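For reference, the structure is listed below as structure tokens.
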Amino acid sequence: GVATVDKKHQIIIDAQAFGEGQEHHTLKPVLETVQQRYQKLGIADNIYQTGAVVTADTGFANEANMKYLHERQINGYIPDNRFRSRDPKFAGQKTKYGKRHQNQPKTGWKQVIPASEFQFDPVAMTCICPAGESLHYEGTRTDQNGVPRAHFQGRLLQCRHCPKKHQCMQNPSSASHRKGKGRQVSYTLEVRRGPTFTDWMKHRVDSQHGKQIYSHRMSVVEPVFGNIGSNKGLNRFSLRGKKKVQGQWQLYCLVHNIEKLANYGQLAA
């Protein structure tokens, strides 16, 4: 967690995971660690009940985290990954400025026959592939946002001898051995539901106050990780173990802070 103080002397605590892919699991431990730290320093027994604001990027947005913030009355602002598409100010952003990573090398993923070309029947819970074969129903599971999805998988013998497997599967050779898998598709199931904690957070983030809070976060917190990750080259940890990783991270933070003091310390004084 990174803590800053804005012009109104308001503490803004930002949850940030260095790396991608597992952020949605780390919000609770990050906030609890920050709370324990402030309690140990004698500043506040519960820093989140003293006007502190919690922010985090879209990697932390899921139903469980929103519920955690709501139940503990934490003043948090965590946008979902479509919050900019709802803001008219960003309507022409991609055409005006281009897309990020547009010149990156190919990842090896190819265009395959999309799941929309399969015949999915949500009533009978069946799925037929473009070759006319029935896929096996693997069950219904909820994703990290609590949305139920029906999963289907092609049987090995079906996919192994299918003339369309090279257009349908990312890795057609997977169907050639008995421990492999056939083509997999999943579909979102429409459910009637009441308001969720994610809906509650969407209203907070889309409000004028929420936009102001999050824009402040972008200008204060993100440059820190941009400097450490891009300029200083810490794109992955070279050590293993929590203590060693923590030590390496703190050394990089130390260099970052010394650099800020050298460049801007005179202005602050």
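The values are calculated or read from the model by the stated rules, or taken from the named source; none is laboratory data. Predicted model, so just to flag it, every value in this text is computed and none were measured. Here the Cβ is made from the backbone with ideal geometry for all residues, glycine too, and neighbour counts use every protein chain on show. With ligands, DNA and RNA removed, areas are computed over all heavy atoms of the protein, side chains included. Shrake-Rupley method; radii C 1.70, N 1.55, O 1.52, S 1.80 Å.
Note that the chain presents 69 Å² accessible area per residue, ligands and nucleic acids not counted, probe 1.4 Å. What a 1.4 Å probe finds exposed on the stretch 23-68 is 49% carbon and sulfur by accessible area, rounded to a whole percent.
Accessible area per residue was computed with a 1.4 Å probe on protein heavy atoms; Lys244 scores about 120 Å². The C-alpha atoms of the chain define a longest principal axis, and helix 27-40 lies at about 20 degrees to it. Size estimate for the chain follows the Kirkwood approach: the inverse of mean 1/r over distinct Cα pairs works out to 22.6 Å.
Under a model in which nothing but the beta-carbon of Lys, Arg (+1) and Asp, Glu (-1) is charged, the stretch 160-259 shows a dipole of about 880 debye around its Cα centre. Given R₀ = 25 Å, what would the calculated FRET efficiency be for Lys179 paired with Arg141, taking r from the Cβ atoms and rounding to 0.05? Here the calculated transfer efficiency is 0.70. Under the simplified labelling scheme, the Glu190-Met218 pair shows an inter-label distance of 3.4 nm, with each label point 7 Å from Cα along Cα→Cβ.
Considering only Cα-Cα distances, which of the following residue pairs are longer than 26 Å: Lys211/Lys242; Lys28/Lys211; Lys89/Lys110; Lys181/Lys202; Lys28/Lys179; Lys179/Lys242? Violating the 26 Å limit, Cα to Cα: Lys211/Lys242; Lys89/Lys110; Lys181/Lys202; Lys28/Lys179; Lys179/Lys242.
Binning the C-alpha pair distances of the stretch 175-269 at 5 Å intervals from 0 yields a P(r) profile of 2, 9, 10, 11, 10, 9, 12, 14, 10, 6, 4, 2, 1, 0 %, listed from the shortest bin outward.
How many percent of the alpha carbon pairs in the stretch 121-186 exceed a separation of 20 Å?
Values: 658 of 2145 pairs.
Result for the distance tail: 31 percent.
Summarise the accessible area of the stretch 208-262 (1.4 Å probe, protein heavy atoms) by the percent that is carbon and sulfur. Carbon with sulfur: 58 percent of the solvent-accessible area.
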